[in-house]
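Just below is one structure, and these are the notes that go with it.
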Amino acid sequence: MAELKMAPFNAGNVPGPKMGRVTAPAVIGKMIKRAKRPLLICGSNIEKHGSIDKAIEIGKKGIPIAATGNAIVAFRKKGYTDNVKYALLTDLVNCLCDPEWKGLDGKGNYDTVIFIGSLYYLVSGVLSSIKNFAPHLKALAIDPYYQPNAEMTFGDIWKKQDDYLAMLDEVIGEL
Amino acid sequence: MVKLKAGIFDIEDLENVQIEIKEIMGEKMPEEEWALMGPTPKPKIPDLRYWDRILLKRYPPFYAPQCDTCILCTMGKCDLTGNKNGACGISLEATQGRFVLLACMIGTSAHIGHGRHMFHDIKSMRGPLDKIPIDFGSEVNIEAPLTRLIAGVKPKTLADLENVLNYVEENIVQLGDSLHTGQEGSALDFESKAYQMGMLDSIGKEISDISQMMAFKFPIGPNRPLCDAGMGTLDTNKAVVFVIGHNAPPATDICDYVSDNNLDDKIDIGGSCCTSLDANRYSAKVKLAAGLGRQLKVIRAGLADCIVVDEQCVRADLLSQAKKVQSPVIFTNDKNMHNMEIRDGDDPDKIVEDLVSGKVPGVVLLDPRNVGEVAVKTAMKMKDIRRKNNWLLSDENFKKYAESCTNCGTCTYQCPQGIDVGKANKKAAEGDPSALSDQFDICIGCGRCEQVCPQNIPIIDMYTKAAYMTGRIQNEKGKIRQARGPIFDTEIRNVGAPLVLGTIPGIIAPIGCGNYPNGTRDVYTIVKEFASRGYIVPMTGCMLIDAGFQKNEEGKTVFEEYDDVFDKGGVLNIGSCVANAHIHDAAIKVANIFAQRNIRGNYAEIADYILNRLGACGVAWGAMSQKAASIAAGFNRLGVPAVVGPHSIKYRRSFMGRKDKEEDWYVYDARNGERVYVGPVPEHLLVVAETIEECIPLMAKLCMRAADTPAGRSIKLTHYIDLNQKYLGGYPDDWHYFVRSEADLPMAKKAELLQILESDQGWKIDWKLKKIVEGPKVRYDPSFDPTNIKDLIRAKKE
Ligand code: SF4
Ligand code: SF4
Ligand code: SF4
């Protein structure tokens, strides 16, 4: 796969000295695999990006899912709601930033959050909250864009959906 | 020697003569005692801090930094990543609070600057302020609720309001001082100051709107006429004067000039943003052509023969954009002069000649009385010249540009909406303009894309052309009721009880700008959804304009479908952004008229009342400006929550509660001081929603209050659950938090919900009596008197 660009999807969105590392899907997959308490956060672009089925595959590997915005509707349409919960994104991240939070399942906060189907600029904002105020969390972005506030992120691939989906398959392959 | 005092005096031996001495060397005439003075008249920074701390404890700020560095002083640039401190010692967290305060200060200054400017204009156009009484007629006795509440003043003339404005201006300066490098280091204290700023913003808006209403005799009350709205209503058979901004006196002069010279059949006046709303209150002939998102589109479509701008929310590149379509510009406000010459005092015909000949692209006219003649004459002459050109792209050029697009995506990287222009261009090249036309509404008209396109494609022009080809612009013709200003005291008397008891489920107030995530249709959806469910929907600003050209299946706008009454299912045009003070006012009047609370200088008690009792929620789905930041802060401090659209994450701060933290949701019972758990109501104070499907049920949820009666709670819960099912396809996860007893359950779903409470929450149900026996954490007591303020406890519990 060609080297992916480390250019913020919104060109002006250059947050500061600490910018997300463009990371190969297999490495991101391994990070997720290693996580003790991972949470997949699916945003309202999950259908637009064509990544709903991949999110479900990840869910089926036992990773709980928070569906934000109207993403829950996409899961309901697909008939997959086993480990999917609706969450208001900013509310969820507000809780995530508190190490004492009990989690969506009452079993404690998470250690790794993975963003998919994101509304770019909104998720960029909450990733900044995590980067700056939640040192207990690792934030990974597997969106078709470079997310500068994530710790590790895909590069820009929004124009090539097939390649993007293949990258998601690589991630899933590691789980 | 006799010492004179301020006051009213009779003169012996002279019948019917009284002397009024208003002020002697700074000693003011004592104000008539109209109510007991509350604890905080004209509060300064520390005075309401105790109330802010109550709010900030339950709704602490959640920060999403947009930038991890700071360069406000020359010790920077400081890297604050990971909440480090800068060279001055400030943390990233406190920097966010500082930034929010700065944004609120800009917003408040805009509204207060507007008020001050208005006073100058009124003095020159209408005479001394103390000769202009404040009189809304028999239906409004509480003429200025925010002024009474915050300043403790019952104003009689505009001069009284000018005095209050002095208090506001002084306090803005004090707050501005706190922004200096060093000093304040607490994010929470910055937020308390932002609340103070928001409160000043609210009273400043009230002053501004009352002043313009009184001086220019804006009409008030319901049943206002329906007026034209939308780009398609501009009549290019006439010469078009297009007014933009937020300060209407120049536009009123244009209206006068047109009327005085019988030019109605020759001149069409349209506008965008608040100037159009306020000018339309002066004269219903002014068309509400566009909100902020359409500003550049109207200009680039070449619809304006003369553009008149005043202040705020006006494009900073207006002059160069207007030049592209040969529209001369008149700048009428000193905040916005674009290096043009000030021409007040010159012969109007000479100014017109210079503009029409193109000798100058624009002029500055700071006296509103000089604007009408120049604008109208210029537009009439320009019409003949400009109509020779077609400002729309030709079919061939449209095709040529579409074909030249290499689908490189450079524009998309610049676009705040992330719009895939290339994809739509491809379709257009194949002969189908519909994708571009659809994007026309999602595009906020910012023009960033055009600057970077390597093929130099005029993307805005492509959108406009596509929107014409598909009939979108021609059909953008709607109706909006003329603004009605304040809510009548009589209306408050009628709705006070149903609102507080909850049988009218709430007030939903769409306000603010046009930076929507997904186009203007969402505005219509919000208004329609809540009005049809019996909520009261008062609106102001651009969101109101954008609601006005969307229609139902019968071709009716929400303004045609619903009455402009402050009652169940009413849809109201309250006015421009400064008029949204009347929405605060309605809440304050409920506390005053319905609940008989003293409002004079009594801010915290009234905010506490509103927070615990009055189901109201603002929505600024396209909030963009710093004014929206100060407006939201003002609503929040008064106890009114607001939902904002996803772009608002860039304001950096929200105020969110944590329903999982039980300890946050205790209040006092004012009867005896007992601490009572009331559940997460309202759950958040300022919250970003991601999509409209999420926003709508969330607003319904945020209308729940601690004091809801069972009948009211059951209605509110019905809407919350229904709206979740409608927009998110199922029950919300948290509805059980709001159930205090079986009486709170929606009637139609009672059995099903009891079942869920038993199976999912483990509550005990007596199925014979259909009663909840055990489970709810919140109890309902009809005489419960909730308050968050310790001092309001009447008798302490032993
Ligand atoms: S104000 Fe403080 S944080 Fe900002 S640049 Fe100056 S020293 Fe650095
Ligand atoms: S003008 Fe429209 S398409 Fe272009 S960058 Fe702005 S929002 Fe995007
Ligand atoms: S930047 Fe220009 S050429 Fe590239 S996709 Fe956008 S419109 Fe097409």
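Global dimensions of chain B from alpha-carbon coordinates: Rg and Dmax equal 27.4, 94 Å. Between residue B:661 and residue B:342, the modelled labels are 5.3 nm apart [label points 7 Å from Cα along Cα→Cβ].
Ignoring ligands, DNA and RNA, what percent of the 1.4 Å accessible area of chain B is carbon and sulfur? Carbon and sulfur together cover 50 percent of it.
The mean sequence distance of close C-alpha pairs (under 8 Å, at least 6 residues apart), as a share of the length of chain A, puts its relative contact order at 34 percent.
In order along segment B:591-608, the phi-based Karplus estimate (6.51 cos²θ - 1.76 cosθ + 1.60, θ = phi - 60°) of 3J(HN,Hα) comes to 4, 7, 7, 7, 9, 6, 7, 6, 9, 5, x, 10, 4, 4, 4, 6, 4, 5 Hz; Gly and Pro are listed as x.
Note on residue B:75: accessible area approximately 110 square angstrom, rounded to 10, probe 1.4 Å, nucleic acids and ligands left out. What pairs in A:61/B:716; B:266/B:479; A:48/B:716; B:323/B:479; A:102/A:159 have C-alpha atoms more than 27 Å from each other? A:61/B:716; A:48/B:716; B:323/B:479; A:102/A:159, as the Cα separations exceed 27 Å there.
The GluC sites (Glu not before Pro) of segment B:529-612 that meet both conditions, a loop assignment by DSSP and at most 13 other Cβ atoms within 10 Å of the site Cβ, are B:553, B:554. Relative contact order for chain B: 14 percent, from Cα pairs under 8 Å spaced at least 6 residues apart, divided by residue count. Net charge around residue B:330, counting only other residues with Cβ within less than 10 Å of its Cβ (Lys, Arg = +1; Asp, Glu = -1)? Net of charged neighbours comes to 0. Looking only at segment B:557-589, which residues have a backbone nitrogen under 13 Å from a spot 7 Å from the Cα of residue B:226 in the C-beta direction? B:557-564, by backbone N distance to the label point. In the context of the full protein assembly, residue B:74 retains an accessible surface of approximately 140 Å², using a probe radius of 1.4 Å and ignoring ligands and nucleic acids. Which whole number in µm²/s is D for segment B:662-788 by Stokes-Einstein, with the Kirkwood Rh taken over Cα pairs at 4 °C and 1.567 mPa s? For these conditions, the coefficient is 85 µm²/s.
Taking every protein chain into account, the accessible area of segment B:578-619 amounts to 14 square angstrom per residue (probe 1.4 Å). Peptide B:77-83 has a mean of 4 when you count, residue by residue, the C-beta atoms of other protein chains within 10 Å of its C-beta.
Can you check what the net charge comes to around residue B:468, using other residues whose Cβ is under 13 Å from the Cβ of residue B:468 (Lys, Arg +1; Asp, Glu -1)? Here the charged neighbours net out to +1. Stokes-Einstein, applied to the Kirkwood radius of segment A:92-175 over Cα pairs at a viscosity of 0.890 mPa s and 25 °C, places its translational diffusion at 181 µm² s⁻¹. Mean projected area of the Cα convex hull of the protein assembly as shown, taken over all directions, amounts to 44.7 nm². Buried accessible area for the B:A pair, summed, 1.4 Å probe, in Å² rounded to 100? Approximately 3600 Å², summed over both chains. With helices as the sole contributors, chain A gives -10500 deg cm²/dmol at 222 nm; each DSSP H run of n ≥ 4 counts as -39500 (n - 2.57), and the sum is divided by every residue. Interface residues of segment A:54-74, defined as those with an accessible-area decrease of at least 30 Å² between the chain by itself and the complete set of protein chains (probe 1.4 Å), are A:69, A:70, A:73. Expressed as a rounded percentage, what relative contact order does segment B:34-215 have, with Cα pairs under 8 Å and six or more residues apart? Averaging sequence separation for qualifying contacts and normalising by length gives 33 percent for segment B:34-215.
Taking all protein chains into account, the per residue accessible area for segment B:48-95 stands at 44 Å² (1.4 Å probe). Just so you know, the Rg over Rh for segment B:511-558 is 0.94, from Cα atoms, with Rh as the Kirkwood radius. Taking only protein heavy atoms and a 1.4 Å probe, the accessible area of segment A:21-174 is 49% carbon and sulfur.
With the convex hull drawn around the C-alpha atoms of segment A:21-174, the volume per residue stands at 93 Å³.
In this rough spin-label picture, where each label sits 7 Å from Cα along the Cβ direction, the residue B:726-residue B:494 distance is 2.4 nm. Of the GluC sites (Glu not before Pro) found in segment B:285-362, those that fall in a DSSP loop while having at most 15 other beta-carbon atoms within 10 Å are B:341. Convex hull volume of the C-alpha atoms in segment B:359-454, normalised per residue: 164 Å³. With N the number of residues in segment B:34-215, Rg(Cα) / (2.2 N^0.38 Å) evaluates to 1.20.
Using the Kirkwood radius built from alpha carbon pairs, what does the Stokes-Einstein equation give as D for segment B:478-774 at 25 °C and 0.890 mPa s, in µm² per second? For the chosen part, D equals 126 µm²/s.
When nucleic acids and ligands are ignored and a 1.4 Å probe is applied, residue B:764 ends up with an accessible area of around 110 Å². How much net charge surrounds residue B:715 when only other residues with a Cβ under 12 Å from its Cβ are counted (Lys, Arg +1; Asp, Glu -1)? Combined, the nearby Lys, Arg, Asp and Glu give +1.
All C-alpha to C-alpha distances of segment B:739-798, sorted into 5 Å bins beginning at zero, yield P(r) values of 4, 15, 24, 17, 9, 9, 8, 9, 3 percent in whole numbers. Per residue, segment A:21-174 exposes 35 Å² of accessible surface when a 1.4 Å probe is rolled over the protein heavy atoms with every protein chain present.
When the inverse distances between all different Cα atoms of segment B:231-272 are averaged and flipped, the Kirkwood radius reads 10.7 angstrom. All alpha carbon pair distances within segment B:226-386 were sorted into 5 Å bins beginning at 0; the resulting P(r) in whole percents reads 2, 11, 22, 26, 23, 12, 3, 0, 0.
Within 10 Å of the Cβ of each residue in A:128-136, the mean number of Cβ atoms contributed by other protein chains is 5.
Using the rule -39500 (n - 2.57) for each DSSP H run of four or more residues, divided by the residues of chain B, the 222 nm mean residue ellipticity is -12000 deg cm²/dmol. Working from label points 7 Å from Cα in the Cα-to-Cβ sense, the residue B:394 to residue B:773 distance is 8.6 nm. Accessible surface ranking for B:479, B:465, 1.4 angstrom probe, highest first: B:479, B:465.
The values are calculated or read from the model by the stated rules, or taken from the named source; none is laboratory data. Only a predicted model underlies this, so the values are computations on that prediction, with no experimental measurement involved. Note that each Cβ is placed from the backbone with ideal geometry, even for glycine, and that neighbours are counted across all protein chains shown. What goes into the accessible areas is simple: the full protein's heavy atoms, side chains included, and nothing from ligands, DNA or RNA. Shrake-Rupley method; radii C 1.70, N 1.55, O 1.52, S 1.80 Å.
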